[in-house]
1. Which of the lysines could a cross-linker bridge to LYS39, judged by Cα under 16 Å and excluding same-chain residues fewer than eight apart?
2. I need the GluC sites (Glu not before Pro) found in the stretch 144-205, filtered to DSSP loop residues with at most 13 other beta carbons within 10 Å of theirs.
3. Only loop residues by DSSP count here, and only those with at most 11 other Cβ atoms within 10 Å; note down the trypsin sites (Lys or Arg not before Pro) in the stretch 128-212 that meet that.
4. What list do you get for SER33, SER207, SER45 if you sort them by fewest beta carbons within 10 Å?
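The numbers here are math on the coordinates, done by the rules we state, and not lab data. Treat the numbers as computed from the prediction; the structure is a model and nothing was measured. Please note: Cβ atoms are built from the backbone with ideal geometry, for glycine as well, and neighbour counts cover all protein chains shown.
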Amino acid sequence: MAKSYPDELRMQVIAYLDEGHTVREAAEKFSVSASFAAKAHKKHSTAAETTLFAQAEAAASEPEDASNGEMTAAQLADLLGVSKRAISDFVERGIVVKTDRNRFDMAGSVQRYCEHLRMMAAGRTGDGSDALTAERARLAREQADQTALKNAALRRELIAIVDVRNEWTSIGRRIRNGMLSVPSRCRQKLPHLTTYDVDLIDREIRSALTELGNEDDGDSTGDIEAGAVGQSASASEAAAIGLD
């Protein structure tokens, strides 16, 4: 069952679209569906066009006055059922006919505005507005992409980020625990080591683990050179305490 929206919200959406915004923008701004925005504006456009033609015919049947078929921006806004701000936007987009300062040709403006409404309803405004058809096509593409991702996951072609993170966390924890157990194993296998020697090994291992945890992969060359120096120093220390 289609969701029902208040009439006030419907009019706000229509007014927003009349100002030149797209269906998608209106749907996002007022938290409504794109189809609702498009259908509401199309229905309003049809009704407005009928009313405008009736008003134009009635005005044409009246005797001409000094205004010679012209009106102010406020009068035109009232006739079209839009805001004065929308009239200014219509002038820039060539939707209404401005003859002089704050003067507009009524018949020409009504005709152009009706044509604009017809094009809006058909999704052919030419100003980048998205028609309902385009919205449906976009939705279809999104649904197809979502289905493709689900199928890839079922085929075990994709791995969830959380699973990768958990696995690497587990690997890192096992490596850390294994390295921290080295001093105690050295004490058992090399009884001649003093407490100072074992503590030194423990400190060096913890220092190395800390450096690895804080290491930046930006300069691999420097890391390699530092590693070579570290290996020489470690070999000297190992020889000094009898690990070789």
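1. Those lysines meeting the cut-off are LYS3.
2. GLU157
3. In loop regions of the stretch 128-212 (DSSP not H, G, I, E or B), the sparsely surrounded trypsin sites (Lys or Arg not before Pro) are ARG155, ARG156.
4. Details: SER33 14, SER207 10, SER45 22.
So the ranking, lowest neighbour count to highest, is SER207, SER33, SER45.
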